[in-house]
There are 4 protein chains.
Amino acid sequence: MCRWLAYSGSPILLEELLVKRDRSLIDQSLHSRQGATTTNGDGFGVGWYDDSGAPRLYRSTHPAWNDRNLRELAAGISSPLFFAHIRASTGTAIQETNTHPFRHGRWLWMHNGLIREFPRLRRELLVAVDDALFPSVEGTTDSEAMFYLALTFGLEDDPVAAVERMVGFVETAGHAHGVEHPIQMTVATTDGRSIWAFRYSSEGASRSLYFSTRMDALQALYPESAELAGLGEETRVVVSEPLGDLVGAWNEVPESHVGIVRPGSDELRPFAPAP
Amino acid sequence: MCRWLAYSGSPILLEELLVKRDRSLIDQSLHSRQGATTTNGDGFGVGWYDDSGAPRLYRSTHPAWNDRNLRELAAGISSPLFFAHIRASTGTAIQETNTHPFRHGRWLWMHNGLIREFPRLRRELLVAVDDALFPSVEGTTDSEAMFYLALTFGLEDDPVAAVERMVGFVETAGHAHGVEHPIQMTVATTDGRSIWAFRYSSEGASRSLYFSTRMDALQALYPESAELAGLGEETRVVVSEPLGDLVGAWNEVPESHVGIVRPGSDELRPFAPAP
Amino acid sequence: MCRWLAYSGSPILLEELLVKRDRSLIDQSLHSRQGATTTNGDGFGVGWYDDSGAPRLYRSTHPAWNDRNLRELAAGISSPLFFAHIRASTGTAIQETNTHPFRHGRWLWMHNGLIREFPRLRRELLVAVDDALFPSVEGTTDSEAMFYLALTFGLEDDPVAAVERMVGFVETAGHAHGVEHPIQMTVATTDGRSIWAFRYSSEGASRSLYFSTRMDALQALYPESAELAGLGEETRVVVSEPLGDLVGAWNEVPESHVGIVRPGSDELRPFAPAP
Amino acid sequence: MCRWLAYSGSPILLEELLVKRDRSLIDQSLHSRQGATTTNGDGFGVGWYDDSGAPRLYRSTHPAWNDRNLRELAAGISSPLFFAHIRASTGTAIQETNTHPFRHGRWLWMHNGLIREFPRLRRELLVAVDDALFPSVEGTTDSEAMFYLALTFGLEDDPVAAVERMVGFVETAGHAHGVEHPIQMTVATTDGRSIWAFRYSSEGASRSLYFSTRMDALQALYPESAELAGLGEETRVVVSEPLGDLVGAWNEVPESHVGIVRPGSDELRPFAPAP
């Protein structure tokens, strides 16, 4: 339904991954190969951490491929950690407040997938959002509801546990309403230092999700590559669909797993909803 | 905060009241005289009943004064009953789903004013919306919440009683949260045949609201006026601020009253929140 | 590059052809089969003649498939003659003034194709536009320049001759700048009564163009069809790509031809640029 | 008709002047005191030089006061030299390509005022634009035409002489068409190092224009001011209307003068159109 990209590592201009690459994210907005829809033209968003470490957003309801401001910003802004998302609506309105990434405090969140029968479940899910957080819910998407439920369940303290509880909560609510497979998701969230990327679906057939290989491994494999040479060894990209065709550059995240990108050693571990 | 206009009577081109008049609604979007803000540039909407009697909407986040499509439509569409609204946001996002008029089935709703401390009250108000109606709430404004509460309380069967209950409910919720004067409103709603226009505020100092004088009275007063001559005697306009400067053309709706425009005799009666 | 549709006949709701049909124009905006691009998401426009016979426009820079106002208008407006166009930009800016149909007086114009090397030719083409017409050029597309050249060459008096001169002029200018095949076009224009539809390209390999079969022939072929029964026998649709899969419903316009739809007998004749 | 601001000096966050100040530029978009119109809601633009020294643009057709992306960018981007402009259209379309600042190569340009009877003069002015520059003209404003004429007349080599010739050319063309006072302008242009700010009108009654006093003078006057203390002594702001109410902070540029802000000593000198 959507496509997204998360970057962490040596500061680079956003355009390197959003615009320039063959099969860049903008290219995917017109011609996705692995997405559920081939066109992702219902708005887009970019979230990045600026020089002060604060998260900033640029979100628009126009298609990414014809937004001039996006190209300007992507050429002028560099960041060590950013998220980008192109949207194909599953029915909710095309408006900035429905556009990913969502932000709360230092946290960003973006999602590809859906909560099935969300209009019927929405009220029950929203009622479970913490009182103090509720006024911050601005849009009407399932994705934003998932974010605020995860925040309610402690995202800022223990992201994996909070997302496990969120997914468990959605599945319980869905089953209570007779929805067989309530959730389908690849989700990325960050506090500006680490990135957590989840791949899960109730039916066990989740949308695709890829991590880039470690840069030192890639650099050993392609010693002549100028574009790889400049990137620090801990640089990582997580994507819903691979960028470019470099053999050996991408590892698929297995079904029902969460990957954690952080300073030091990354981690990949099984993910299961909490009851 | 906003300005609005409701028309009922002989079918006329929308542009007659939205564009052409001195102090037309578009003129008011730039230079309101009686509004709480002088500029109403945060989007606008028009709702009209088409030849089949179905309500249609055109809503945009651009200022009314520079929207070319609005001028085209206003010049090409005529209707016996239409609503128009220009918005000055009190804080919620500028997006079509926050733009008046709101529609549900055959009903339209628009509002000038606010629920004070709405972010703190919003959750409690939304939870009271009927289960079957909840999925239709698309935006995040106080105005739309008021509409769905009124629908929950029976707007389609007894509009005055439903709005009385809605206002009583909001005041009770507000008082419980320590808000002294929870609501300020002029509201118009219609089923395509009658128009109900409410003027009320918790503090007894409501925004302005005017009914046009009956056309037969106006026509007797100004027998030479070509523009009045063409309009049926039951034609009425309800506005938050008078259009034009015709002496004797406008009656102010008194504080805490509701006016009803309908085939046959119109009615003006006191309005009080229901406990 | 784009897709378009022209309708003439019994007044119908715009949504019948823009929204409802399998392979409606909105459907083609996401998944064109015969277009040079599969996605036509760079804005759209609708032009129709209202009850007074005046041409009205609704144009937007958003993709047609997610524009709510388009669905509202298409459901509420019926017309005996309308144009609709979905755009895939060939490089010029995404803005309403670059969106088809273009209008001048009673005339509408829309185009699929391009003038090759237009940035280099633009100045020479614009300079040839009549002095009185020049101030009305609002955008920067090749398509609008073609319209104003055709107007300069007498479109309002003899449309076929004027378009022949316009194409001849563009080819001469192109050749002078070393452009081998200067123009590629399917063009529709109307004065509100007749429609002229041109298929031509310098290289003799023009984009596709189809006329619907006469309704009386179709009705004889499909006597049980309710949707065909309601349409007058002279109803015709001209499209860059067929709508729906009714066998025998569409005739391809041959290379280098112009078709004329008008009260009485339609006409199809060869088209050649005038020197 | 518009309001603008040019900043040169110590790198600061754009929001310092666009958002935070009392009478910031965003505040002026709603409530201009000295502008020809009180509301400047027909789009806005920001141009800044990024870390690599390249000029970047963010332009939008929405009112500056309700554009969330503008607030995000202004909070996240700092620059030693930037332009900002809020527009009140004098008739040309509301679209990004008509929004200031305009850019060519390293140069930015913005304008408050108008060429009178521009629709009648436009063709003659455009024809005078250099062949190589013509394809870069994207919009339809008088302001952009002035920029490309100035570029044609050597803006990049000698800005003052080029603007003198541009103004002379426009006046000659205007007089030939019977326009008594063809031009009214305050214009700012920059190459990323110096800023040239012009105040001129054919009738000798130009729109207002102000330079901030040198920071070292201001700092001596207000030794306790924290916000002034942080700014380098060469920091300067040029504005169409003063920001804030600091006594002694602003010098009005005299009628028919050009001010030059640059490293070393600034300069203020008379300006006269070249024949």
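The values are calculated or read from the model by the stated rules, or taken from the named source; none is laboratory data. Computed from a predicted structure; not experimentally measured. Here the Cβ is made from the backbone with ideal geometry for all residues, glycine too, and neighbour counts use every protein chain on show. Remember, those area values only see protein heavy atoms, side chains included, never the ligands or the DNA or RNA. Shrake-Rupley method; radii C 1.70, N 1.55, O 1.52, S 1.80 Å.
Which percent of the accessible heavy-atom area of the protein assembly as shown goes to carbon and sulfur, probe 1.4 angstrom? That fraction is 51 percent. Once the Cα atoms are used to define both axes, helix D:142-152 deviates from the longest principal axis of chain D by about 80 degrees. Extending 7 Å from the Cα toward the beta-carbon at both A:Glu156 and D:Glu224 defines two label points whose distance is 3.7 nm.
Each copy carries a label point for D:Leu246 at 7 Å from Cα toward Cβ; from one copy, the others' points are 4.9, 5.5, 7.3 nm away, ordered from shortest.
One chain, two ends: C:Arg106 and C:Asp51. Fully extended at 0.36 nm per residue, the span grows by 18.4 nm beyond their Cα-Cα distance. For A:Leu155, what is the net charge nearby, where nearby means another residue's Cβ is under 10 Å from its Cβ and Lys, Arg count +1, Asp, Glu -1? For residues surrounding A:Leu155, the net value is -3. Rg over Rh for the protein assembly as shown works out to 0.96, using Cα positions for both radii and the Kirkwood form for Rh. The local environment of C:Asp216, defined by Cβ-Cβ distances under 10 Å, has a net charge of -1 under the rule Lys, Arg +1 and Asp, Glu -1. In chain B, the longest principal axis of the Cα atoms and the axis of helix B:159-176 are about 40 degrees apart. Inter-chain neighbour count for A:119-127: the average number of beta-carbon atoms from partner chains within 10 Å of each residue's beta-carbon is 3. Accessible surface for the range B:148-270, divided over its residues, is 40 Å² per residue with a 1.4 Å probe. When chain A is treated as a Gaussian network with alpha carbon springs shorter than 10 Å, the biggest mean-square fluctuation among A:Leu14, A:Leu73, A:Leu151 belongs to A:Leu73. Sorted shortest first, the separations between the A:Ala217 label point and its copies elsewhere in the assembly read 6.5, 6.5, 8.4 nm; each point sits 7 Å from Cα along the Cα-to-Cβ line.
Ordering B:Ala249, B:Gln184, B:Met146 by Cα displacement along the dipole of the range B:119-251 toward the positive end leaves B:Gln184 in first place; charges were set at the Cβ atoms of Lys, Arg (+1) and Asp, Glu (-1). Peptide A:58-71 has a mean of 5 when you count, residue by residue, the C-beta atoms of other protein chains within 10 Å of its C-beta. Among residues other than C:Ser206 with Cβ under 13 Å from its Cβ, the summed charge is -1 (Lys and Arg +1, Asp and Glu -1).
Counting only DSSP H runs of at least 4 residues, each contributing -39500 (n - 2.57), and dividing by the residue count of the protein assembly as shown, the helix-based mean residue ellipticity at 222 nm comes to -7000 deg cm²/dmol.
For chain D, modelled as a GNM whose springs connect Cα atoms under 10 angstrom apart, the maximal fluctuation among D:Arg103, D:Arg214, D:Arg59 occurs at D:Arg214.
At q = 0.17, 0.22 Å⁻¹ the log10 of I(q)/I(0) for the range A:144-275 amounts to -0.90, -1.30, computed by Debye summation with a single uniform scatterer per C-alpha, solvent ignored. Placing pseudo-labels 7 Å out from each Cα toward the beta carbon at A:Glu252 and D:Leu268 gives an inter-label distance of 7.1 nm. Reported value for the range D:71-230: 144 Å³ per residue, from the convex hull of its C-alpha atoms. Would you please classify the overall shape of the range D:137-215 from the alpha carbon gyration tensor, given that a ≥ b ≥ c denote the square roots of the eigenvalues, rounded means a/c under 1.5, and beyond that prolate means a/b larger than b/c while oblate covers the rest? It comes out oblate by the Cα gyration axes. In the range D:157-275, Cα pairs under 8 Å separated by at least six residues give a relative contact order of 31 percent. For the range B:140-154 versus the range C:148-215, the inter-centroid distance based on Cα atoms is 54 Å. B:Val160 label point (Cα plus 7 Å toward Cβ) to equivalent points in the other copies: 6.5, 6.9, 7.6 nm, shortest first.
With only Cα atoms counted, the range A:1-129 has Rg and Dmax values of 14.8, 44 Å. Shown here is the pair-distance distribution of chain C: with all Cα-Cα distances grouped in 10 Å bins from zero up to the longest one, the shares run 7, 32, 38, 19, 4, 0 percent. Considering only chain D, the C-beta nearest to the rotation axis that sends D to C is found at D:Gln95, 2, the distance in whole Å. Helix A:118-127 sits at what angle to the longest principal axis of chain A, using alpha carbons and giving 0 to 90 degrees rounded to 10? Helix A:118-127 and the main axis of chain A meet at about 80 degrees.
Peptides D:222-228, D:132-138, C:65-71 ranked from most to least packed by the mean count of surrounding Cβ atoms within 10 Å: C:65-71, D:132-138, D:222-228.
The mean number of partner chain beta-carbon atoms within 10 angstrom of a residue's beta-carbon across peptide D:92-105 is 3. Largest first, the residues C:Arg123, D:Arg106 sort by 1.4 Å accessible area into D:Arg106, C:Arg123. Just read off the accessible area of C:Glu156 with the full protein assembly in place, 1.4 Å probe, to the nearest 10 Å². Surface accessible to solvent at C:Glu156 totals approximately 90 Å².
For A:Val179, the accessible area of its heavy atoms, probed at 1.4 Å with every protein chain present, is near 10 square angstrom. Compute, for the range D:69-210, the length of the dipole vector about the Cα centre, with Cβ point charges of +1 (Lys, Arg) and -1 (Asp, Glu) only. Units Debye, rounded to 20. Around 400 debye, computed over the range D:69-210. Take the accessible area of chain C alone and of chain B alone, subtract that of the pair, and you get about 1500 Å² summed over both chains, using a 1.4 Å probe.
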